[in-house]
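Only one structure is covered here, and it is reproduced in the block below.
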Amino acid sequence: MAKATLREIRKLREAFARDPGGVFVQLADAHRRYGDTEEARRVLRAGLLHSPDDASAHAMLGELLAARGRHGEAEQSWRRVLELNPDHPAALRGLGLAARAAGRRDEALDHFRRLLTLQDDVEVQRMMTELSEAAADPAAPEAADVPAGRAAPAAEAAPDGQRAQSMAVSTSHGAAAPGAGAEAVALVEVLVRALEHRGAVFGAESSLTRLLAVALGRELELRDEHLNALALAALLSDLGGLAMNGAGDDGQREVAITLQLLQGVALPAGVHDALAHQHEHWDGTGTPDGLAEDRIPFPARVLAVARGCSHLLADGPGRQPMGVAAAVDEMQRQAGSVYDPVVASLLRRVFAQRERHGIGYGWGGHVYVAHPEELRGLGLATRLHSAGYATETAADVAGVRERLRAGAVQALVVGARLAGGDVAALVQEIRGAAHLRAIPVVVIDADSPDLRISLLSAGADVCFAPDVSFTEFKATLDALLRRSELVMGAAPAAPFAGRGFA
């Protein structure tokens, strides 16, 4: 491979400035041949923002990442190559080497077999023979345990290697806990939810951030212990702000308070770094240390994208929530400056697979739960909160009317025997209001067929008997919200001050 000259690089730079999505692969290759692999990676990431489906760019990025020991991200790049071109030799070889090193023999053999149908490769044939023999010998060591002298090139290291290292916490922060289990995450969520509870309102931003962080982690193929660590970091990310009762908007001060509150706690690997560096920017303009690009700890990069997107989707003082499409577009606009462009690019895939990630169609929206039994209403509101909904509660018809006068909600869940008035009449009023008639209305605990028929006739979308499961209830609510999103678009309904709600 001929060494690039500065003249060649300058010429390609000029063309790149005119058209960032044009010659960026050639420019990155020139920087690589010149010996500046870091600049080559920057060029590829910038170019992929304009030409995200360039298979050769993803392939080169995978090679550069593997050479730097960032094997997990390298494997992600190669998988993207195969989505674009299933017969790309370099991607098949890289993925085969990564699977072999991780001990995933069947996967490695599959990639290598596909590669050999495209081209001859003596080294790959040798590795296939070794893998086949090892599979036949249960006592043989895993491929990842092969002595260093027989190891393949850097691309063979475990696909989660760099990410696993990035998830590790520095000993300067104290010993890391063995790992966050799902039970620990659930307990922390309950405690954070209690801090977020303001009067009748459960804010949803911590749950939104958790769901998004875990979804991004799944797309990055992180292991379960790393997903749990991301979930824990997401739930704790605003602990300082909650301790301050939401006063002020000094993110770094909130982080400092968070870390102070957690001082002495043995956090799972990666959680401390995620919390400490969640406000770093990809271009190096963030806080506290002005870290840039790959120098920002990997879990902090994921958490930053999750927090940024959930902040856009959730409402708050002086701001309306964005719809999903607008929020993703805004995150993409800031990719490469504030956020890791690779992680941010996964948001579209996350929202395209909502069901897989447990993300409902009421993402970030307000669901108003009105029930005469306080504990029943509170229990339903908290479970919806865990699914990413901001929820509010009331105990009577007057509370519903007052809330609707203040502003529309995304959906109304109401107990059939709500105190203080006729629920059927309330539903009719809502259906008669131009700005509210499209809001999904779900009635629960309707304990007789006649009552259910009456409420459905009044305009309720669904009426459930008392024995409905939460799973069925939430699936129905999601379906109604999906329909509402398609009909009304992303903008929230406006408040109504007409008959019955004035």
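The values are calculated or read from the model by the stated rules, or taken from the named source; none is laboratory data. Here the structure is a predicted model, which means the values were calculated and not measured. Backbone-built Cβ (ideal geometry, glycine too); neighbour counts: all protein chains shown. The accessibility values were calculated without ligands, DNA or RNA, using every heavy atom of the protein model including side chains. Shrake-Rupley method; radii C 1.70, N 1.55, O 1.52, S 1.80 Å.
Okay, here's what the table says:
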{"quantity": "A419 long-range amide H proximity, modeled H, under 5 Å", "calculated": "V397"}
{"quantity": "Residues whose placed amide H lies under 5 Å from that of A370, excluding near-sequence neighbours", "calculated": "A394, V413, V414, G415"}
{"quantity": "5 angstrom amide H check on Y339, placed H, neighbours 5+ away", "calculated": "W282"}
{"quantity": "Normalised contact order of the range 28-82, rounded percent, pairs of Cα under 8 Å and 6 or more residues apart", "calculated": "26"}
{"quantity": "Karplus-derived HN-Hα couplings along the range 340-353 (A = 6.51, B = -1.76, C = 1.60, θ = phi - 60°), whole Hz, x at Gly and Pro", "calculated": "4, x, 5, 5, 4, 5, 7, 4, 4, 5, 4, 6, 6, 10"}
{"quantity": "Solvent-accessible area of H50 with every protein chain in place, 1.4 Å probe, in Å² to the nearest 10", "calculated": "110"}
{"quantity": "Within-10-Å neighbourhood charge of A458 [Cβ basis; K, R +1; D, E -1]", "calculated": "-1"}
